[in-house]
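Below is one structure, written out as structure tokens, with a few remarks after it.
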Amino acid sequence: MVKQNNIQTIILASRSPRRVELLKQIGIDSIVRPADVDEAPLVDESPADYVQRVAKQKVIVTAKNLKSEYTTLPVLAADTTVALDGEILGKPENDADAIHMLKKLSGSKHAVHTAVAVSLKNKVKVILSTTQVEMMPLTDAMIKAYVATGEQRDKAGSYAIQGKAGAWVARIEGSYSGVMGLPLFETAKLLRDISK
């Protein structure tokens with residue numbers, strides 16, 4: 001097990017099982033304490049600013065509500081969004097919304113922004129990972145069959161690169177784990193920096 005600067009356990013301000021698994025991949029266990037924050041974008045907020053603000057809010061809210069026995073542990077939160085021509089494509093509201101998003105992303109080059117925030121002893125640090133993703137052109141039949149699997153639910157941009165939609169991704173420039181929802185290089189760096 002590779003430890004990140006002797007940090008073995010963190011508080012994870014997220015319900016995402018993918019983030020729990022990604023943290024385990026780098027030797028970190030999670031105590032899950034999701035944050036309940038308003039994730040609506042602000043007027044004219046850029047996608048990069050949006051994810052950084054939401055990740056920071058999640059980590060602050062969770063840190064503030066911790067029981068005393070957990071206050072020595074780092075709190076980590078992350079937020080991911082897909083951006084196409086500056087438009088934020090978050091989690092789909094329903095299957096029709098997912099179909100609409102996937103039609104927009106078909107044949108596109110788009111950005112996936114994931115912000116990670118860590119809080120420890122009243123210090124908060126935020127880091128942003130941006131990955132460019134090139135998606136092949138998709139037919140209506142491909143999109144309909146994918147949405148029928150349910151994989152798109154609760155996924156920014158209505159797709160999961162680590163699932164069936166991975167076959168649609170022609171190339172990426174950046175962090176594969178960042179597209180999944182937690183950029184591991186940046187996360188490990190943040191945890192090292194916050195514990196110094």
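Points to keep in mind about this one:
- Every residue from region 171-192 that is touching a Lys or Arg at 6+ places or on another chain (Cβ under 8 Å) and part of a helix (DSSP H, G or I): 180, 190
- Residue pairs meeting the criteria (Cβ under 6 Å; at least 6 apart or on separate chains; first at pLDDT 95 or above, in region 15-37; second surrounded by fewer than 18 Cβ atoms within 10 Å (Cβ to Cβ) and part of a strand (DSSP E or B)): 29/9
- Contacts under 6 angstrom Cβ, first residue in region 42-64 being over 17 Å from residue 91 (Cβ atoms) and modelled with pLDDT of 95 or more, partner in a helix (DSSP H, G or I) and among the acidic types (Asp, Glu), 6 or more apart: none
- Filtered residue count, region 149-170, keeping only those that are in contact (Cβ under 8 Å) with a residue 60 or more places away in the chain and either part of a helix (DSSP H, G or I) or more than 18 Å from the chain's Cα centre (by Cα) (or both): 3
- None of 196, 144 is of a type outside the set (A, V, I, L, M) and farther than 29 Å from residue 56 by Cα except 144.
- Residue within region 77-87 that is free of Cβ contacts under 8 Å to residues at least 60 places away in the same chain, farther than 29 Å from residue 137 by Cα and of a type in the set (Asp, Glu) present: no
- Per-region count, region 159-194, residues in contact with a Ser or Thr (Cβ under 7 Å, 6 or more places away or on another chain) and either over 24 Å from residue 9 (Cβ atoms) or surrounded by fewer than 15 Cβ atoms within 10 Å (Cβ to Cβ) (or both): 6
- Picking from residues in region 89-112 that are within 16 Å of the chain's Cα centre (by Cα) and closer than 18 Å to residue 174 by Cβ, the one that is surrounded by the most Cβ atoms within 10 Å (Cβ to Cβ) is 112.
- Scanning region 113-132 for residues that are among the β-branched types (Val, Ile, Thr) and buried (at least 23 other Cβ atoms within 10 Å of the Cβ) gives 114, 116, 118.
The values are calculated or read from the model by the stated rules, or taken from the named source; none is laboratory data. Fair warning: this is a prediction, and the values are worked out from it, not measured in the lab. Using ideal geometry, Cβ is built from the backbone for each residue, glycine included, and neighbour counts are taken over all protein chains shown.
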